[in-house]
Structure formats: C-alpha cells, structure tokens
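The structure appears right after this line, and notes come after that.
The values are calculated or read from the model by the stated rules, or taken from the named source; none is laboratory data. Computed from a prediction, not measured in an experiment: that's the story for all the values here. Neighbour counts are summed over all protein chains in view; Cβ atoms, including those assigned to glycine, are modelled from backbone coordinates with ideal geometry.
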Amino acid sequence: MTAKMLRFVTLGRSMPEKRGAEARREDFDEIYADFAPAQAADQASRCSQCGVPFCQVHCPVHNNIPDWLKLAAEGRLEEAYEVSSSTNNFPEICGRICPQDRLCEGNCVIEQAGHGTVTIGAIEKFITDTAWEKGWVKPVKARQQRRQTVGIVGAGPAGLAAAEELRRQGYQVTIYDRYDRAGGLLIYGIPNFKLEKEVVQRRAALLVAEGVTFKLNFEVGRDASLEGLRRRHDAILIACGVYKARDIQAPGVGLGHIVPALDYLTASNRTSLGDHVPAFAEGMLDARGKNVVVIGGGDTAMDCVRTAVRQGALSVKCLYRRDRANMPGSQREVAHAEEEGVEFVWLAQPEAFVGGEPNRVAAVRAQRIHLGIADATGRQQPRPIEGSHFQIPADLAIKALGFDPEDLPKAMGAPDLEVTRWGSVKLDWKRMATNLDGVFAAGDVVRGASLVVWAIRDGRDAAAAIQRYLVAKEGGRSATAAE
Ligand code: FAD
Ligand code: SF4
Ligand code: SF4
C-alpha cells in the first residue's frame, strides 16, 4: 500500500491524548497516551518528504525521519522500526524526552510554513513501542566473537549506546557503574512521568541478552583506578556524566531542608522503584504537605517542581532570575508545569534563606531582577533592583542550578588525564580520544550537562572510533576468538 503523503494541507497536527492536569497530579505515570495506529499513520502522512529534510539535519543522530514517516504512513511499522533503529539505539526514549521543539520538530519545514510540525517524536515513540509489543526488538548477536575487551565507565545513555554498538561488532564489553541500576540519569534523574522506568530497564536487559557484562556498585576511583582498568582492557570509554551540583552563595544556605535537585529527584525515583530511602521517609526529600521553592530555570528545575506537585506539596513555586523567554528549560515543560499548578516567579533571585525551627528553612528572601543589556554572549545580564526584597514561605528549598564535572583526574585516580578549564574531559573529537592511549570519552563528561540524544550520538561515534583503534592495534586485522 502506498500512502498519500503531504497531507499537512488538509490534516491538522495532533498529539496523542494528554491526560488532564488533575489526574496527572495524582500519580507518576507518563502524561501522554499512545497514538492509535490510524492516528499515527495519519500524522505521519502530513510529512512533505522534503528533498533536504531539515528535521534530519537538526536531529543529533541524523535519523532518516522522512523515510520512517513514509513507512509509518503506509502501516509498514516493522520496516519503519528497522530504519529508525539503524541510527538510534534508543528511539523510544528519544521520542519521549528529546526537546523536539528545539531539534527535529522546531526545524520541520511545515512548522516553519505555519502548518504545525509533523509530530516526529510521538511517531518515533509509537513505532518503537509497537516494535517492543510485537516482539520485533530482539537481541542482536555478533557474527563473530573478538578477543579484545572494552571497559566502559558509566551506564548512562552514552555508555549503553557505545556498549551495544561494540558488542554487536563482537567485542567483549564490560560496563562499570557506581549505581546499583543501569541507566544513569535515565533511571535516577529523569522522573517517571517523562520516562517510565520499565522503558529503560527493558533496554538494559536487552544489552545483557546481547552479551554485555554489567559490574554495578563499582566505582572507578574507589574499586579500581582508571589505570587498573586500562591494564584489564584493550580500550576504555569514560562516559561518567557530570554530577557536581552548582551551589548558591547566600546567607542561610546551610539550613536544613535546602537540598540539591539531584538528591531530591533520585530519592523520588528510587522510592517509585520500591527502594527505601531514609531521607525521603524522614521527610527531608519529600515535598508532601510543604511549601516548596525550586531555584533555577532549566529542565532539572521543571522536573523538581512537577515532582513536588505529585508528592502532594501545599504550594510549588519556581524562582528564576530571567524571564520566560530567556529560560533554558523547554517551553513545553513550563506549560505542563503551569497546567499542574506550579507558580513561576520570573525575574527574581534568592538573596538569603530565613531559618525557622528546628534549624530548618522557613522562607526564601528574594529580590527582583531587571534584565540589562546583552553582554558578549548575547544574553541580557540580570541586575538586582535595589530595595525590591520580598519573602516566600518555604519548608523545602531545592537548588537546581546545573551541574559541573567532578575533579576527574583525582576522582578516577588518573592524574595524567587532561581536562578543560571547565573540568570536562579534553577530547580529540575526530578520534573521540583523550590524551591517554586507548582511553576515549563520550556524553556529558565531554560536553557538560547536555541531552540524552547527544549522549547517544557520542556513544555511537566513540564506539566507531574504538573499533578503528582496536583494528589498528591488531595490525590492521581484527582478532576473533576463534583465531
Ligand atoms: P549519565 O546519564 O549521567 O550517566 C553516567 C553514569 O556514570 C551514571 O550511571 C553514573 O553512576 C556513572 N558514574 C559516574 N562516575 C562513575 C565512576 N567513577 N565509576 C563508575 N560509574 C560512574 N536530557 C534530555 O534529552 N531530555 C530530558 O528531558 C532530560 N531531562 C533531564 C532531567 C534531569 C533531572 C537531568 C539531571 C538531566 C536531564 N537530561 C535530559 C540530560 C540527560 O539526562 C543527560 O544529558 C544524559 O543522561 C547524559 O548521559 P551520559 O551517559 O553522558 O551520563
Ligand atoms: Fe527528534 Fe530526538 Fe527523534 Fe532525533 S532522536 S528525531 S531529535 S526526537
Ligand atoms: Fe517531513 Fe518536516 Fe522533515 Fe520535511 S522537515 S521531511 S516535512 S518531517
């Protein structure tokens, strides 16, 4: 069956049904239902099959979007899945959590022409969720086994994507992670209402079935140094993300119940996964019955405010020093948060934290901000307005100001590893290589806090670079286990 494409002229954009805000506030389930097959096919048929598809250009993994949209429009979903999974290890994850408005969909030509974008992300999710349901997603076994081994530090999306690519080429791959579950921020950072945890766990199980070895609760720098791993493996990939939370310098910041965003989100995710988290049980990381103030304007802040709503907070406010148009977080997430009852206090920053009993935060004292002229970076600079103080009651204050890399040479016992002045791993991007022979890097640890889809792209690029390195190491031929 050949589908008629270019239907954007007669057919409007529609998304899968979104649950009402009242229902969403009551649980941590994802907020969108699935597309019905006919609706997915219709929406895919809106694509105008551009000769130069800007959606694909602006997708970090360069998905062949027009091809799989056409296949989806024709109901050829198994083929659509094959095409979509050939460029992306986790399409159903990207379909759920990529900021499509800034990537593929924001650059779709029919969006630019005022017809409303093709709903690329939702269709990508639909194709891959269908593939899982129908049993089309199967472990891929390597055609030949190779003797060479690769050690990967970090089981986040960068490490997992690289592991899958290398294992499919027959290398013996071991992933080391300091957490007790694989997934990195996919499992302990991003909340369930954006990405249900079974979606991540079934991917990790697939990697096990493909022959990847996981060594969890294994911290490089504590259980082995990077040098020790280099002696164990023919190549190493560092994909350990960035975890040093940026802090606030303000009087009273040391009071109780002022917590870093990732501690708060990890506790919530662990609790949803059935773990006992003492700081949650004791109330420090639980928003129930509290007035909550989240400080920051990025996606992490959006995840915190929406988690607090679901935990049953009395009130949830987000304090951000710039305005809505200048915030780094996705506008789509802000809209979801507002629907769920979050109040945004734009153009305001904390000046001090006011203590109550017993040595806990009781309020955030803030001041209003005026956005000055743009500096060399092109961003308007926030300037406090004199005498504009005001106070917001807060029984829980969450700091969501972003992340920097840890002191990696020290943390990993690798004093010779070169890092940039921001602390990220210094990389030769063409070879995805660090300054240490046989040591590669990918994901947030190289880019700074970024996106899942960029981590996947880096993981794939690093796997290709590692393969080139290992083949060269063997004198131009690749050693197989049978030799
Ligand atoms: P990570 O996912 O951080 O994984 C690194 C892994 O390395 C972790 O499992 C860690 O335990 C392990 N590790 C670290 N040090 C060691 C060590 N010494 N030894 C062993 N293991 C170690 N991106 C999006 O695209 N969409 C979103 O909606 C989105 N929401 C986000 C929400 C939050 C709250 C946060 C914090 C980030 C969000 N991101 C989002 C960003 C995204 O999660 C990251 O860009 C992505 O996970 C980076 O992948 P990674 O593999 O480089 O690192
Ligand atoms: Fe869009 Fe992300 Fe999918 Fe690429 S991976 S097509 S950017 S949703
Ligand atoms: Fe289709 Fe939009 Fe991509 Fe063009 S830019 S190929 S219309 S999805």
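Within the stretch 322-339, identify whether any single residue is modelled with pLDDT of 95 or more, in a loop (DSSP other than H, G, I, E, B) and either buried (at least 22 other Cβ atoms within 10 Å of the Cβ) or not assigned by TED's automatic domain parsing to the domain that holds residue 181 (or both), and answer yes or no. No, the conditions are met nowhere in the stretch 322-339. Residues in the stretch 429-471 that are assigned to a helix (DSSP H, G or I), surrounded by fewer than 24 Cβ atoms within 10 Å (Cβ to Cβ) and without any contact (Cβ under 8 Å) to a residue 40 or more places away in the chain: 447, 461, 465, 468, 471.
Please state which one of 344, 280 is at pLDDT 95 or above and outside any helix (DSSP H, G or I).
On the way: 280 fails: outside any helix (DSSP H, G or I).
None of the other options fit; the residue is 344.
Looking at (1) of a type outside the set (Phe, Trp, Tyr); (2) modelled with pLDDT of 95 or more; (3) within 16 Å of ligand 2 (Cβ to nearest atom), can you tell me which one residue 101 breaks? Residue 101 satisfies all of (1) of a type outside the set (Phe, Trp, Tyr); (2) modelled with pLDDT of 95 or more; (3) within 16 Å of ligand 2 (Cβ to nearest atom) except (2). Of the residues making up the stretch 87-98, those that are outside any helix (DSSP H, G or I) and buried (at least 19 other Cβ atoms within 10 Å of the Cβ) are 88, 89, 90, 98. Can you find even one residue in the stretch 379-393 that is in the same structural domain as residue 319 (by TED's automatic domain parsing) and among the hydroxyl-bearing types (Ser, Thr, Tyr)? Within the stretch 379-393, one or more residues are in the same structural domain as residue 319 (by TED's automatic domain parsing) and among the hydroxyl-bearing types (Ser, Thr, Tyr).
Out of curiosity, is residue 150 more than 23 Å from the chain's Cα centre (by Cα) and under 16 Å from residue 210 (Cα atoms)? Even if it seems obvious, please write down each step before you answer.
Values: more than 23 Å from the chain's Cα centre (by Cα): yes; under 16 Å from residue 210 (Cα atoms): yes.
In short, yes.
Residues in the stretch 286-308 that are surrounded by fewer than 24 Cβ atoms within 10 Å (Cβ to Cβ) and not charged (D, E, K, R) were compared, and the one that is nearest to the chain's Cα centre (by Cα) is 298.
Each row is one residue, and each column tells you yes or no for (1) of a type in the set (A, V, I, L, M, F, W, C); (2) away from ligand 3 (no atom under 16 Å from the Cβ); (3) touching a helix residue (DSSP H, G or I) at 6+ places or on another chain (Cβ under 6 Å).
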| residue | (1), (2), (3) |
| --- | --- |
| 176 | no, yes, no |
| 182 | yes, yes, yes |
| 191 | no, yes, yes |
| 196 | no, yes, no |
| 210 | no, yes, yes |
| 215 | no, yes, no |
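Residues to consider are 83, 61, 57; find the one that is within 12 Å of ligand 3 (Cβ to nearest atom) and out of contact with any Pro (no Cβ under 6 Å at 6 or more places or on another chain).
Values: 83 fails: within 12 Å of ligand 3 (Cβ to nearest atom); 61 fails: within 12 Å of ligand 3 (Cβ to nearest atom).
Step by step, each of 83, 61, 57 is checked, and only 57 is within 12 Å of ligand 3 (Cβ to nearest atom) and out of contact with any Pro (no Cβ under 6 Å at 6 or more places or on another chain).
Taking each residue of the stretch 96-112 that is in the same structural domain as residue 330 (by TED's automatic domain parsing) and within 23 Å of residue 196 (Cβ to Cβ) and looking for partners that are within 12 Å of ligand 3 (Cβ to nearest atom) and of a type in the set (Ser, Thr, Tyr) with beta-carbon atoms closer than 9 Å, six or more apart or interchain, yields nothing.
Of the residues 118, 140, the single one that is away from ligand 3 (no atom under 13 Å from the Cβ) and either touching a residue at least 60 places away in the same chain (Cβ under 8 Å) or assigned to a helix (DSSP H, G or I) (or both) is 140.
Taking the criterion of being touching a Ser or Thr at 6+ places or on another chain (Cβ under 8 Å) and modelled with pLDDT under 95, would at least one residue in the stretch 110-121 satisfy it? Yes, the stretch 110-121 contains at least one residue that is touching a Ser or Thr at 6+ places or on another chain (Cβ under 8 Å) and modelled with pLDDT under 95. Listed by first and then second residue, the pairs with beta-carbon distance under 8 Å, at least 6 apart or on different chains, first residue in the stretch 297-314 and in the same structural domain as residue 267 (by TED's automatic domain parsing), second among the polar types (S, T, N, Q), are 299/330; 302/330; 307/268; 311/268; 313/291; 314/291.
Please determine whether any residue of the stretch 29-46 is within 9 Å of ligand 3 (Cβ to nearest atom) and either over 26 Å from the mean Cα position of the chain (by Cα) or surrounded by fewer than 19 Cβ atoms within 10 Å (Cβ to Cβ) (or both). Yes, that holds for at least one residue. Considering the stretch 159-186, the residues that are aliphatic (A, V, I, L, M) and within 13 Å of ligand 1 (Cβ to nearest atom) include one that is nearest to residue 87 (Cα to Cα), namely 161.
Flag: residue 189 matches the condition of being within 30 Å of residue 310 (Cα to Cα), in contact (Cβ under 8 Å) with a residue 12 or more places away in the chain and either surrounded by fewer than 19 Cβ atoms within 10 Å (Cβ to Cβ) or within 12 Å of ligand 1 (Cβ to nearest atom) (or both). The residue that is farthest from the chain's Cα centre (by Cα), among those in the stretch 438-452 that are of a type in the set (A, V, I, L, M, F, W, C) and either closer than 12 Å to residue 240 by Cα or more than 6 Å from ligand 1 (Cβ to nearest atom) (or both), is 439.
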